[in-house]
Amino acid sequence: MSKNISIIYLDRNKFDCILSHQVNLISYNFPPQIVKDFEVLNKDLLYSEIHAFITNNHLSPYPVIIILSNNVIFEKDLTVNKPDQISEETTLFLEKVPFETVLHKTLKVNKKTIVVAANKIYLDLIKEAFEKDQCKILFILPECLFGDLISQKGLDTTVAKKI
């Protein structure tokens, strides 16, 4: 596998990108006619814009890790420990997440059990847009897995190397 990995920090209406062997952070703001508040308004334009971004910044064919900012996810600490109670509490939480299709995962972070949820359609379209240009998505991870590493420093080369 290539040592060059693109790391995308996906926020509400933009993303930051850094290629692990470079020092420059590249930002892309979604125009409001393409993406607004986690919703893709124009899929074809999204694909076109991401294709141009990948081409202009020479990101293909490098694999990609996408980190979901805390602004793109819904998160809940689960207060119970038994599997059936976790399932019930998770279901109640997911019913309140305001997306048509929700992608969720239950994680253990710092001795806590949390459930993280995001807009599945939004993430699938972003993933598909990158993969159309041979940028294989390795992982999609929530920011909470990185503790204060990203929150305090943002995305930079030091953070990219640690990731």
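The values are calculated or read from the model by the stated rules, or taken from the named source; none is laboratory data. What you see is a predicted model, and the numbers here were worked out from it, not measured in a lab. Here the Cβ is made from the backbone with ideal geometry for all residues, glycine too, and neighbour counts use every protein chain on show. Areas reflect the complete protein model, heavy atoms only, side chains present, ligands, DNA and RNA absent. Shrake-Rupley method; radii C 1.70, N 1.55, O 1.52, S 1.80 Å.
A few comments on the model shown:
- The lone exception for Val97 - which of (1) open to solvent by 70 Å² or more (accessible area, probe 1.4 Å); (2) part of a loop (DSSP other than H, G, I, E, B); (3) over 27 Å from Val159 (Cβ atoms); (4) not acidic (Asp, Glu) it fails: (1)
- Meets criteria (touching a residue at least 12 places away in the same chain (Cβ under 8 Å), more than 26 Å from Val40 (Cα to Cα), open to solvent by 10 Å² or more (accessible area, probe 1.4 Å) and in contact with a Pro (Cβ under 8 Å, 6 or more places away or on another chain)) for Leu107: yes
- Checked against the criterion of being at pLDDT 90 or above and either part of a helix (DSSP H, G or I) or open to solvent by less than 30 Å² (accessible area, probe 1.4 Å) (or both), the candidates Ile121, Ile86 yield just one match: Ile121.
- Among the residues of region 61-82, those identified as in a loop (DSSP other than H, G, I, E, B) and more than 25 Å from Lys161 (Cα to Cα) are Thr79, Val80, Asn81, Lys82.
- Within region 25-77, being open to solvent by less than 20 Å² (accessible area, probe 1.4 Å) and free of Cβ contacts under 8 Å to residues at least 40 places away in the same chain holds for Phe30, Ile34, Phe53.
- Which numbered condition Val40 fails, given (1) hydrophobic (A, V, I, L, M, F, W, C); (2) in contact with a helix residue (DSSP H, G or I) (Cβ under 9 Å, 6 or more places away or on another chain); (3) modelled with pLDDT of 90 or more: (3)
- Here Ile5 clears all of (1) under 17 Å from Leu138 (Cα atoms); (2) open to solvent by 70 Å² or more (accessible area, probe 1.4 Å); (3) aliphatic (A, V, I, L, M) except the condition numbered (2).
- Count - residues of region 125-148 that are open to solvent by 30 Å² or more (accessible area, probe 1.4 Å), assigned to a helix (DSSP H, G or I) and touching a residue at least 12 places away in the same chain (Cβ under 8 Å): 4
- The lone exception for Ile73 - which of (1) in contact with an Asp or Glu (Cβ under 7 Å, 6 or more places away or on another chain); (2) within 16 Å of Lys120 (Cα to Cα) it fails: (1)
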